[in-house]
Amino acid sequence: MTPAQVRFGSLLVVSLSVLFLFAAGPAWSQSDAADDGADVSETETVEEEAEPWDYSPYRVLVWIASRDPRYTADTLRGPLLEYLDRDFNALWRTTIHDAPPPVATAAFRSMHELSFDRITASDPVIAVKRDHEDAIRIQSVRSLPEYVSAVSVTEGLRTDVLRRAEAYGDITLGGTDARLKTFAGDAFALAQTWNNESTEALLVTRGQAATFEKPGAKIIPLPITDQVASAVDQYDKVYVVRVDDRPNGATISVAELETLMRVFGAPVTAPFTSTFDVHNVVGYAITQAFSPMVRIDDAGQQTATGMIRAANLIMNPESPANVPVGSVLQPMIRKDDRNGKPIAAGPIDWAYLIATERKGPNVDMDYYSGMAGGLQGRKNKRTFKMGMLLRPAQDATLLRLHAKGRTDLPLIGYELYERELQSKTMTFVGRTDWDGRLSITKTEDPLRLLYVKNGGAVLARLPMVPGLTEMEVADLAGDDMRLQAEAYVRGVQNAIIDLVALRKLLSARIRLRLKNGEMEEAESLLNALREQPTNEVLANDMGKKQGAFLKEIGRNPNQRRKVDLMFKETREMLGKQINPAIIRELETDVASAKANGGTLPEAPEEEAAAE
């Protein structure tokens, strides 16, 4: 297909999709209502008219963060849009703006540490105590005045918020302005009043509100201008572009924010040498950072089926928006409350999807996870399941293992094995070093299924995509205490075997002495046998040790079960092999020898054999 045919096909698809969308009407969401100052009550139902997923282009926002006036949204917009149209003409609805100051500051601080919470930390919000008796009824600034008598705020922030509220079109903040109470102090002093009994709510930044504990804060967004969170919610993808022109090297860094899941991808960095080439490098980095999305419609324990976004707008199979067979995806879940606010959102830890078959816009996938559950569950309107295409750009990822809840306690010398995805063949990969680390290199297969072993026991399964990140950290329940318990039990079992052999040897010698009429030697050996550890003594010692091991292991059910099983088997072995019956039999033989004049009488069986 020639470039002209591709462009004509793209324009045709765009025209058809626009006609369809015009007939279907505009999409509407509760977040849009919040931006418009609307208050959706619990009894009011809003019907959403969503456009078909396979014909739905991405709404894209590009934020330019630059300290050089030559590189701004205005100077880059035209040539950058022309570059992006080569691949995304039918797939994206792109907007380019200068990054808000909080976003630009965060980008220049560290592109690798960008997060939704970090870029929205300066947004003003109202924090209501979660233990407030009417907290569940307070859903917006319109309902807040009915239940809260005062909202404390510093004078400077109050002035700024009211100015931005006026620019937004509602200087009263839905009636909440009458509840604003000026605090005589700075923001730090205001935050210290959170735990005062008289405090109902505070108007602070989102970052401050996130630090409030005991009780936590219920966040109420404000209908004002220049809110980073509100801007993000209007798009599907946001690209933070940092233009860093320094004498020692000029670079473009781009990080993608998947807005529904509120997660940033790994930054893509590329150098540039000329002012005239900046838009090309920015376009290249954005294209490399782009991660197509798959809506997961059906999921089981090991498989899933989904639909690729804008799949029917893709005219070229080499399009960056395509998801070919063999691709690896990151599964993600978002759960909203009844007001459309996320309760939880983000990737599923240690879980990946592999595309196995394409059926038009749909794709079948295999699911690999290091833990039970994940994608399964009932479908509902407040739960969103997605898969995001991954493109690992590095050669390896450093894996670090440490004890659960103890980053300062690395798991040293733990073995890692790799299992083939379509078989049970296991291959040794390596052992962790003194800091619990092991480098996992990229292979032809993007996904590597690793198993962590120690002392022959499998502790965890860790699916990994090497090269996706510089480092992955696994918080595992180490089994060093289980190994100590195993060593102790083996020692007890060996002691039981030795004791059984000793008891049989002493028993044979005692009977030999009794047959030879050596009563004193026989009684001396019998006393020595009585002094050997008994079943009760060994069982009591084992009970104390078992309790100590279980206390150290804590609540790990798997390890507790293994330790209990080892001690149970050892107790059964002890009961069979070490019992007082042999001593009672020997005492009977000694009494018989004394009654027989000092020698053990021959048993009837022995007399019959002699005859």
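Observations on the model:
- Hey, A150 farther than 13 Å from P124 by Cβ and within 36 Å of the chain's Cα centre (by Cα) or not: no
- Here N454 fits the description: touching a helix residue (DSSP H, G or I) at 6+ places or on another chain (Cβ under 9 Å), buried (at least 19 other Cβ atoms within 10 Å of the Cβ), in contact (Cβ under 8 Å) with a residue 12 or more places away in the chain and more than 16 Å from M471 (Cα to Cα).
- Being within 30 Å of G405 (Cβ to Cβ), assigned to a helix (DSSP H, G or I), β-branched (V, I, T) and modelled with pLDDT of 80 or more is a property that holds for V563.
- Scanning the range 566-596 for residues that are of a type in the set (V, I, T) and in a loop (DSSP other than H, G, I, E, B) returns a single hit, I578.
- Filter pass, L468 being touching a strand residue (DSSP E or B) at 6+ places or on another chain (Cβ under 8 Å), closer than 25 Å to S327 by Cβ and assigned to a loop (DSSP other than H, G, I, E, B): yes
- Filter pass, L61 being outside any strand (DSSP E or B) and either at pLDDT 80 or above or touching a Pro at 6+ places or on another chain (Cβ under 9 Å) (or both): no
- The strands (runs of 3 or more DSSP E) located wholly in the range 357-413 that include 2 or more residues which are closer than 26 Å to A460 by Cα and free of Cβ contacts under 8 Å to residues at least 12 places away in the same chain occupy 406-410.
- One residue stands out among those in the range 327-356 that are in a strand (DSSP E or B) and surrounded by fewer than 16 Cβ atoms within 10 Å (Cβ to Cβ): the one that is nearest to the chain's Cα centre (by Cα), which is G346.
- Any chance A285 is modelled with pLDDT of 90 or more, part of a helix (DSSP H, G or I) and either among the aromatic types (F, W, Y) or within 30 Å of L329 (Cβ to Cβ) (or both): yes
- Only a single criterion out of (1) assigned to a helix (DSSP H, G or I); (2) in contact (Cβ under 8 Å) with a residue 40 or more places away in the chain is not satisfied by N540, namely (2).
- Meets criteria (touching a strand residue (DSSP E or B) at 6+ places or on another chain (Cβ under 8 Å) and either assigned to a loop (DSSP other than H, G, I, E, B) or surrounded by 14 or more Cβ atoms within 10 Å (Cβ to Cβ) (or both)) for E418: yes
The values are calculated or read from the model by the stated rules, or taken from the named source; none is laboratory data. Model, not experiment: these values are computed from the prediction. FYI the Cβ positions are ideal-geometry reconstructions off the backbone, even for glycines, and counts take in every protein chain you see.
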